[in-house]
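The next block holds one structure in the form of structure tokens; read it before the comments.
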């Protein structure tokens with residue numbers, strides 16, 4: 001018996017209730033078929049997923065494409081503030097953007 005045959009509108013209605021999702025009868029009918037197809041696809045994959053086939057999360061091996069995180073030369077506070085339109089000697093000074101609701 002396939003999953004499509006085991007999945008009934010009552011099961012979908014129950015699952016929707018557990019998930020607290022309000023579904024119309026038309027949505028329940030539509031989802032019954034769609035979820036059945038998904039479950040049948042999972043069954044097909046399970047047939048070929050034998051213990052000698054390693055599990056994968058991606059079909060192509062992934063490698064880190066980022067450079068190593070090596071600290072480099074950074075600006076001093078004075079260098080960073082040199083181009084600022086306004087500062088107090090150690091921090092940038094900006095105008096307030098919030099209204100009186102602060």
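Cβ-Cβ distances below 6 Å connect no pair with a first residue in the range 40-66 that is in contact (Cβ under 8 Å) with a residue 12 or more places away in the chain, a second residue that is loosely packed, with under 10 Cβ neighbours inside 10 Å and part of a loop (DSSP other than H, G, I, E, B), and a separation of six or more residues or different chains. Any residue that is at pLDDT below 90 and either touching a helix residue (DSSP H, G or I) at 6+ places or on another chain (Cβ under 9 Å) or at positive phi (or both) - is there at least one of those in the range 53-68? Checked the range 53-68: no residue is at pLDDT below 90 and either touching a helix residue (DSSP H, G or I) at 6+ places or on another chain (Cβ under 9 Å) or at positive phi (or both). Which helices (runs of 4 or more DSSP H) sit wholly inside the chain and have at least 3 residues that are within 32 Å of the chain's Cα centre (by Cα) and surrounded by 11 or more Cβ atoms within 10 Å (Cβ to Cβ)? Answer list for the chain: 9-18, 25-48.
The values are calculated or read from the model by the stated rules, or taken from the named source; none is laboratory data. What you see is a predicted model; the values in this text were computed from it and never measured. Cβ coordinates were reconstructed from backbone atoms using ideal geometry, including for glycine residues, and neighbour counts include every protein chain displayed.
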